[in-house]
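A short write-up of the structure that comes next.
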Amino acid sequence: MAAGTLRSSPIAARPASGKPREDKRSLLVARLARLGIVREADLALHLPLRYEDYTTCVPLTQLCAGVSVCTEGVVTASEVRYRPRRQWVCAIESGEDNSVTALTLRFFTFYPNQQKALAIGTRVRVFGEVRDGHFGLEMVHPKFMVLGAAAGYDVPLSNRLTPIYPTTAGLSQEVLAKQIAKVLQREAVLRDDVPEAVRRQEVLWNWSQALHFLHAPPPELSGEEQAALSARTHPAWQRIKFDELLVQQLSLKRHKAARASRRAEALNHCGTLTDALLQRLPFTLTAAQQHVWKEIGNDLGRAVPMHRLLQGDVGSGKTVIAALAALRAVENGRQVALMAPTEILAEQHYHKLSAWLDGLPVRLVWLTGTLTASQHKKALERLADGEAVLAIGTHALFQKGVTMPNLTLAIVDEQHRFGVAQRLALRDRGAEVEEVHQLMMSATPIPRTLAMSFYADLDVSVIDALPPGRRPVTTRLVNQKRRAEIVAHVGKRCADGAQTYWVCPLIEESEKLSLQAAQTLYEELAAAFDGNGKTAEGVPLPKLEVGLLHGRMKPADKKATMEAFVRGRIHLLVATTVIEVGVDVPNASTMVIEHAERFGLAQLHQLRGRVGRGSRESQCILLFETPLGATAKERLKVIFENNDGFEIARQDLRIRGPGELLGARQSGVPLLRFADPERDEALLERASRVADRLLKTKEGETAAIALIDRWLGDKAEFFKA
Ligand code: ADP
Ligand code: MG
């Protein structure tokens, strides 16, 4: 609104008056910075969340519940009530006819000056959502503007939709809008960096046209246009999203191209160790494994750093590929680091590789955060003097103080667990130690659109088939109420020689509670299977060895428990999600998941993937507690109906959005702000094509640099990899 603006209540704090101008300015700058706005270009790209319509004023007599409107009336009552809680209640009435049409205004937080402004007899314009209250229609916390004396219509209505921006404490919509309006006059901000030929071919709006439209939509939009505006499908939005996706593509592709001109050690010597491993394996590689090994082997043989993502569903056999890649480096006289996200998994890799490599001249080192000081020192020394060539561990591998003078290959298992932020940390570490080849492995398949957007800088290999002889896992959904039946069922299976994982969820708010839950479950099951247990019907339960595994155990105890389970001495292993990733015990064929409704889809799929690895028929029993929330219900349905990791990941993306899937939500890595790779797939494909085209010419490259600068500024490095 131009003349007199609607104030939102409560009124935003203002800097104390009388302060020098400079102070106000720096306060404003600080508040803008909190929104990530540091440059004029950022202000222009601070786009409205939505719009409010102050262009028409709906008469009080025509209000109906459920819509957000602007209306006017005269204040006829104003009082503070204390029941059921403190609130200020006003009534406004239309002064036009005698049939009294009133609207209640309700404020739960309010200030004396607001009460003063809405004195009885004042004519006021209000904006908010109309609701059906106890005593007729009402608005809670409406925005309002005092129009003055009872009869005067002295303030014209706005002639455009009013943008509502994301903002922060102390920064009002009006101040923000004013700052934005100012930069929308700057030539540099409005300059169109996408070459005209591209714009024409892609039928795109002009940059300045799109910005102006979104910050101040013209009056008299058709209903269709309004809908497109709020659905963000309007051509103005399309232009913004196209540029955002284009910048992401340009940034990743330029980085990928730059990688091709950097140098890494070419690992040309092939044969001695890799062949030895292939010969001693108890199985032959599947065609899918052979194919990816060939791709990786080729990469490693080139003098260009490899950045390859190896994808393969849970159980597809990625570890042996990692081992082959590691040996390729070792047979070339180089060092390798293999990083896993958890101690247990690192430990398992260490054991598996030790067994596979037994008798071969390859010295391994095991490095995690829980080694004693002297063990740690010893490990570092062996790596530093080059005696040990293969380091296996957790992220402790990539901390300061670890030197591997001949490091040429870094392998990251279950890389999705590390998230984008750690991938970047690894990248930086890689830069320090010169160019190393990087092999990232993940069982969480990245849906095509995400792969195209966030992983466009990586090469991808996929193991698209499981080793032969796997039996599909049968999934059962069982209400917690029928738990006793499941206990008996599991007892029978264990007695028949199958082993069982019984997983209880991590309670996020409290690790202590999680441990308690695991402990209680362990005690319950240990008692049931101590040899004297009976079912409710009096049928004796078998005597079983029950174990407990959780993240807080001493590493040595964890190791001992896991070993006992691997050896078959523990029949039933109660565990927290420490076993979620990568653990491989072929004889385990039953997985019970307690409170499955609390788990995410990727987690459930990973957990289920722990069974179905041996020749025995496998079961995954998901215990759930009713009532189920909508999302939980949806997740359980997806996991019940699907075995294919790709489909599950796709559904996960649909349910959760890309942020969490990328593990970037907490990392502060800027994801896309406006575009959504899944929903805007068509735009993404166009942006990818245009990026390829631009990067072929000199002018295109110049345009790319300008675009990247406009959108990312100093954040550009986040999109390197
Ligand atoms: P993931 O891809 O989930 O990391 P693993 O590497 O742990 O899978 O492999 C799962 C199991 O399959 C392991 O026991 C492994 O030894 C076995 N395996 C791997 N490749 C083959 C193959 N070609 N034939 C038979 N078994 C295999
Ligand atoms: Mg694995």
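The values are calculated or read from the model by the stated rules, or taken from the named source; none is laboratory data. None of these values were measured; they are calculated from a predicted model. Cβ atoms come from the backbone with ideal geometry, glycine included; neighbour counts cover every protein chain shown. Please note that ligands, DNA and RNA were not included when accessible areas were found on the heavy atoms of the full protein model with its side chains. Shrake-Rupley method; radii C 1.70, N 1.55, O 1.52, S 1.80 Å.
The table for this structure:
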| read-out | value |
| --- | --- |
| Sites A77 and I164, calculated FRET efficiency, Cβ-Cβ separation with R0 30 Å, nearest 0.05 | 0.55 |
| Cα gyration tensor, the chain - rounded (a/c under 1.5), prolate or oblate | oblate |
| Surrounding net charge for D459, when Lys and Arg each add one and Asp and Glu each subtract one, Cβ distance under 14 Å | +3 |
| List R263, R673, ordered by accessible area with a 1.4 Å probe, largest first | R263, R673 |
| Full-extension gain in nm, R25 to R302, via 0.36 nm per residue minus C-alpha separation | 94.2 nm |
| FRET E, pair A119, R262, Förster distance 60 Å, beta-carbon r, rounded to 0.05 | 0.25 |
| In degrees, nearest ten, helix 698-712 long axis to first principal axis of the chain (Cα) | 70 degrees |
| Summed side-chain charge close to P586 - residues other than P586 whose Cβ falls under 11 Å, Lys, Arg +1, Asp, Glu -1 | +3 |
| Relative contact order, percent, the range 54-128 [alpha-carbon distance under 8 Å, six or more residues apart] | 35 percent |
| Assigned charges on the beta-carbon of Lys, Arg, Asp, Glu; the chain dipole about Cα centre (debye) | 940 debye |
| Accessible surface ranking that places the most exposed of R567, R160, R363 first, with a 1.4 angstrom probe | R567, R363, R160 |
| In Å², nearest 10: area of S261 left accessible to a 1.4 Å probe | 90 Å² |
| Calculated from backbone phi, Karplus (6.51, -1.76, 1.60) coupling profile of the range 155-172 in Hz, x at Gly/Pro | 10, x, 6, 5, 9, 9, 4, 9, x, 10, 9, x, 9, 9, 3, x, 10, 7 |
| With Cα atoms, 0 to 90° folded angle of helix 483-495 axis to the chain main axis | 20 degrees |
| 18 Å Cα-Cα threshold exceeded, pairs from K253/K698; K182/K241; K253/K318; K318/K554; K378/K400; K241/K698 | K182/K241; K253/K318; K318/K554; K241/K698 |
| The chain: angle of helix 681-694 to the longest principal axis, Cα-based, in degrees nearest 10 | 80 degrees |
| Solvent exposure of the chain as accessible area per residue, Å², 1.4 Å probe | 47 Å² |
| Given charges at Cβ of Lys, Arg, Asp, Glu: the chain dipole, positive-most of A288, T590, P555 | P555 |
| 12 Å beta-carbon shell around L695, net charge (K/R +1, D/E -1) | +4 |
| Distant-in-sequence amide H partners of A388 (H built 1.01 Å from N, under 5 Å) | L383 |
| Where W237, W366 fall by accessible area, highest first, once all protein chains stay in place (1.4 Å) | W366, W237 |
| Helix-only CD estimate at 222 nm, as mean residue ellipticity for the chain, using -39500 (n - 2.57) per DSSP H run (n ≥ 4) | -12000 deg cm²/dmol |
| Qualifying GluC sites (Glu not before Pro) in the range 581-630, DSSP loop, other Cβ atoms within 10 Å at most 15 | E617, E625 |
| Nonlocal amide H pairs with V574, under 5 Å, H built at 1.01 Å | W502, G547, L548, L549 |
| For the range 217-249 and the range 688-707, distance of Cα centres in Å | 23 Å |
| Amide H partners (placed H, <5 Å) of G170, local residues excluded | A13 |
